[in-house]
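A quick write-up on the structure given underneath.
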Amino acid sequence: MNRRLTTRHDNSAEYSLGEDDLETLIGQLQETGHFLVYTRTFEDHGTYILADGSLWEDTSAVKQLINRAFAPTLPDVRPRRKSASSEVGGDHPESPGEEVVPDIENAEEDDLAGYLLLLSPRQNFAWTGPVMLLDVEFIDFEMRDDRIRLVADGPATRLDLCKHLFAESLIDVESGDPALSVTCLAEHQAHLPRVQRELKKIARSTQRLNESIIQSAAQVRNTLEGSSGTQEMVQNWFAFASDHGRRIQTYVPASSWPRFSRLCMRLAISWVAFICDSCDPTDRRTFRWTVNALRTAYEVTGGKNILHLDPREFALLRKSVAALVSFLILHFDILGAKSSMEAKREAERAEAMRRRQRLQENFTDDFLPRDPSAASRGQVLAERSIRLVREERLRLIAALEESRVGFNDDQHLIGQVLDEQVSEDRALVFLAASASNIALRWQQGAFIGGGANGNVYIGFNLDSGGIMAVKEIRVQDLANSPALYKQIKDESDVMSMLSHDNIVEYYGIEVGLFSGRKLQADIQVHRDRVYIFEEYCEGGSLANLLEHGRVEEEDVVTVYAIQMLQGLAYLHGKGIEHRDVKPDSTSLLPMCQERS
């Protein structure tokens, strides 16, 4: 509704006028067929009215443009006077009274465009062109000095056309370049101050209503927190608020866009956090809610919008999105394959049950003769009962074995016996004795860097949803360098004892057949690799920063130096010597936090 009112009542645009441009403007308007509307009232208040030549002798149209901001019907087709710049090589009327015969059937849009120009100059000017006398009551347009207000005779589309025609009237005929340049201060507004104030009130009320709808989802979540059976209600409210924000974003003014964007991002963060904290992952509806929430978060945080989040909001968003992505990876049914396999297994179980029922009900099957004696019938029945009990027990044992194998797969307890006589196995046995040897579910990401002792990748912890740095070392390299695996074990034992803000956090080491990479329920084991897990510092190293030049800011250098010294002091307090302090060994975190 606010958009419709604005489109209908925004019939004017306002420009600034330089003190040195008044004489040039008056000359251009006279050459392009404009005329002065003399009212005997507006002139006393410093406001002058100039009109487009198509309104000559149409006093009713001029009065309507002055007095009202909304025209319910389009004006009659009026011929537009040709100016000296509109055509070359023809007869050009030079007075407002000379008109071209109108062609109503072939009338173009510019034939309907008539407009007024309200001028409020600080100095006087001389008008030598045509003048229309008009008796009209004074209206305070609340114009500032040195302003030009263009008033059109129709909706917003007509206003845009009139602005284009006004710009053409400022073009010099001889050179073809603009004779002067005026700055547009207001693209669309109502020329009557009272109407404009009411439109602003409506716009502010609409904006507050939209913000209340977007903010209400988080309020509903807090109100129903802890109540059972309210997850679907809260999800529907989040979906409604996000859809409303998506519909109105094209109508949000540029001045209000930063605030509106932050509200939408906070809504998305609250939504994904609610799914992580309060929704049952075994509920089939949670999968659909997760997809909608992630799509909304992706849309509202796109581009540079995510840079406006504070660290706390960004950390919550990253944690929640990582958890939801892990949830989708573990539960996504690719092309219905999982459902098809489950349906096939269920059909096989049902068929086996029907066969057992037929065996129990039919005594003339393959195991019983057609006409047995009473004694032989009792013996066969006893044998059949024993066979059925045995089959049922075997079925239960098979189900228990399948459950055990699945549990071992999930816990990564399946491995191979290592031969200490083999150099590669001996290295694995030595490293497996490390106290920091762990087994976790993770997935390998992008390549970060590499060196003589292995490659480093981004790793995604499928249990916590966090990001870490994973160093991969081949066991063959350990066999070629016997001292390397002792160095790895010693370093891992030392790192596992450290905990400081300026020391890269060490998570553990994964050795031998206990690789936790799991994709679509298939465990990929790698007997010939060792993985070391550490904290991922997304800022790179100090050496990467220095590649772009020196750090000129003394405050930044001071912060880096203090944090590095704090980390070294902590190591020395533990009786540990670093022995390799250099920019390549210094990792950076955002917000100038340093990790040595």
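Taken together, the values in this text are just the output of simple stated rules run on the coordinates, not laboratory data. Just so it is clear, the structure is predicted and the values come from calculations on it, not from any experiment. No Cβ is skipped: glycine too gets one built from the backbone with ideal geometry, and neighbour counts run over all protein chains shown.
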Report the calculated FRET efficiency for VAL405 and ARG354 (r = Cβ-Cβ distance, R0 = 30 Å), to the nearest 0.05. 0.60
Report, please, the projected area of segment 168-323 averaged over directions, based on the convex hull of its C-alpha atoms, in nm². 13.8 nm²
Would you work out if segment 121-196 is rounded, prolate or oblate? Take a ≥ b ≥ c from the square roots of the eigenvalues of the alpha-carbon gyration tensor; rounded if a/c is under 1.5, else prolate when a/b is larger than b/c, oblate otherwise. oblate
Length added when fully stretched, ASP160-SER181, from 0.36 nm per residue minus Cα-Cα: 5.8 nm
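Report the gain in length on full extension from SER227 to ASP555: 0.36 nm times residue separation, minus Cα-Cα distance, nm rounded to one decimal.
On the way: separation 328, 0.36 × 328 = 118.08 nm, distance 5.07 nm.
Result for the pair: 113.0 nm of gain on full extension.
What FRET efficiency comes out for THR282 versus PHE240 if R0 is 22 angstrom and r is the Cβ-Cβ distance? Round to the nearest 0.05.
After rounding, the FRET efficiency stands at 0.30.
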Which order, highest average first, do 38-45, 281-288, 535-542, 457-464 follow once you tally other Cβ atoms within 10 Å for each residue and take the mean per peptide? 457-464, 535-542, 38-45, 281-288
What distance in nm separates the two pseudo spin-label positions at ILE562 and ASN544, each 7 Å out from Cα along the beta-carbon direction? 2.5 nm
Quick check on my link table: of LYS489/LYS574; LYS319/LYS486; LYS163/LYS304; LYS304/LYS471; LYS304/LYS582; LYS319/LYS574, which ones sit more than 27 Å apart, alpha carbon to alpha carbon? LYS319/LYS486; LYS163/LYS304; LYS304/LYS471; LYS304/LYS582; LYS319/LYS574
Taking the Cα centre of segment 183-266 as origin, work out the dipole magnitude from +1 charges on Lys and Arg Cβ and -1 charges on Asp and Glu Cβ, in debye rounded to 20. 380 debye
Extension length gain for LYS304 and HIS578 (0.36 nm per residue less Cα distance), in nm, is 94.7 nm
